[in-house]
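The values are calculated or read from the model by the stated rules, or taken from the named source; none is laboratory data. Just so we're clear, the structure is a prediction, and the values are computed from it rather than from any experiment. When we count neighbours, we look across all protein chains shown, and the Cβ atoms used for this are built from the backbone with ideal geometry, even at glycine. The accessibility values were calculated without ligands, DNA or RNA, using every heavy atom of the protein model including side chains. Shrake-Rupley method; radii C 1.70, N 1.55, O 1.52, S 1.80 Å.
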Amino acid sequence: MYQQKLIASPLQTVTFEGHSFYLKRDDLLHPDFSGNKARKFHYFLTHDFPAVRKIVSYGSAQSNAMYSLSVLAKIKGWEFEYHVDHIAEYLKENPHGNYQAALNNGMLLHAGRGLPATAIDKDVLFIEEGGRQKEAEYGIRILAEEIISWQQEQGIEKLNIFLPSGTGSTALFLQKHLPSSSVYTTPCVGGREYLKKQFLELEADEQFHPTVLTLEKKHHFGKLYKDNYKIWLKLQQQTGVEFDLLYDPLGWRVLLEHIGLFESPVLYIHQGGVLGNESMLPRYRRKFPLVSEERIEKE
Ligand SMILES: *Cc1c(COP(=O)(O)O)cnc(C)c1O
């Protein structure tokens with residue numbers, strides 16, 4: 001039987017590269033329904049939709065949102081129809097990670113045909129790519145409330161909160177519901193301008209926007225960078241926590257380049273996504289065979 005409720009995710013203290021920080025473990029939110037996408041889809045988990053029989057969504061064949069929607073559909077007893085432009089041959093022949101887990105949950109996959117015109121029906125719950133929609137605010141607000149009550153217990157007045165962004169909706173809603181803390185983020189998909197545009201679509205008043213920090217160099221989403229792999233290995237070594245390989249390495253690189261943030265207590269949000277490492281890690285190992293945990297330790 002599935003656990004249908006989300007209980008507050010744990011918080012811990014960790015040290016990385018000599019800096020001590022708090023870590024919000026949203027990766028441990030629930031055994032199957034966890035991380036950033038569980039927060040964004042929390043609204044659908046806890047509300048009743050008597051007319052709905054099926055979720056329809058679209059995006060990449062390895063996305064965290066796709067997997068989380070397959071879990072949501074399973075919990076709710078709904079069908080889950082997912083549309084992708086294409087599936088890599090390798091993935092088709094060797095299903096793994098989010099893709100395999102979503103198929104195991106009964107996902108009906110449609111490749112290369114675009115969204116069917118019939119998708120928008122009253123028995124269909126349509127979800128935007130990456131869960132970028134207003135209902136996401138419900139779950140992010142609960143995340144903010146968990147942080148506030150923990151802060152009160154600890155007697156911490158002001159936090160500097162850091163999390164890496166895709167669409168930026170998590171960072172934006174978090175800043176909105178944590179007015180006495182500062183939320184910092186970095187764009188992992190697209191650049192600073194793209195992220196600012198995303199914020200503006202959700203909130204016209206820039207005063208309520210998170211602060212955007214970046215590295216000097218341009219960064220491409222999903223591309224394999226040696227520095228990303230190295231910092232991910234170091235994180236694992238020094239904190240004992242597995243982070244995601246798509247967003248967190250850039251997040252940590254940006255955070256460490258802005259150490260002024262550590263003047264206030266820093267809270268990093270672990271947004272899950274670790275299942276996706278099943279596809280990213282073999283790619284990193286193939287591309288950088290000389291980078292390994294042992295070598296990192298000696299540096
Ligand atoms: C989706 C996702 C993000 C980005 O969240 P946005 O709300 O789109 O900014 C970051 N980290 C992980 C692990 C995710 O799955």
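Things worth noting here:
- Scanning the range 262-280 for residues that are more than 11 Å from the ligand (Cβ to nearest atom), open to solvent by less than 30 Å² (accessible area, probe 1.4 Å) and not hydroxyl-bearing (S, T, Y) yields V266, L267, M280.
- Test result for L178, within 17 Å of E17 (Cβ to Cβ) and buried (at least 18 other Cβ atoms within 10 Å of the Cβ): no
- Screening S9 against (1) over 17 Å from N104 (Cβ atoms); (2) without any contact (Cβ under 8 Å) to a residue 40 or more places away in the chain; (3) assigned to a loop (DSSP other than H, G, I, E, B) leaves a single unmet condition, (2).
- Being open to solvent by less than 10 Å² (accessible area, probe 1.4 Å), part of a helix (DSSP H, G or I) and more than 12 Å from the ligand (Cβ to nearest atom) is a description that applies to A144.
- Enumeration of residues in the range 281-299 that are closer than 18 Å to Q238 by Cα and either at pLDDT 95 or above or open to solvent by 90 Å² or more (accessible area, probe 1.4 Å) (or both): E294, R295, E297, K298, E299
- Failed item, numbered, when G139 is tested on (1) under 26 Å from L200 (Cβ atoms); (2) away from the ligand (no atom under 16 Å from the Cβ): (2)
- K122 being under 29 Å from V254 (Cβ atoms) and open to solvent by 60 Å² or more (accessible area, probe 1.4 Å): no
- Conditions (1) in contact (Cβ under 8 Å) with a residue 40 or more places away in the chain; (2) in the same structural domain as L200 (by TED's automatic domain parsing): number failed by M107: (2)
- Within the range 10-29, the set of residues being open to solvent by 10 Å² or more (accessible area, probe 1.4 Å) and either within 14 Å of the ligand (Cβ to nearest atom) or polar (S, T, N, Q) (or both) comprises Q12, T13, T15, S20, R25, D27, L28.
- Yes/no for S165 being near the ligand (Cβ under 9 Å from one of its atoms) and in contact with a Ser or Thr (Cβ under 7 Å, 6 or more places away or on another chain): yes
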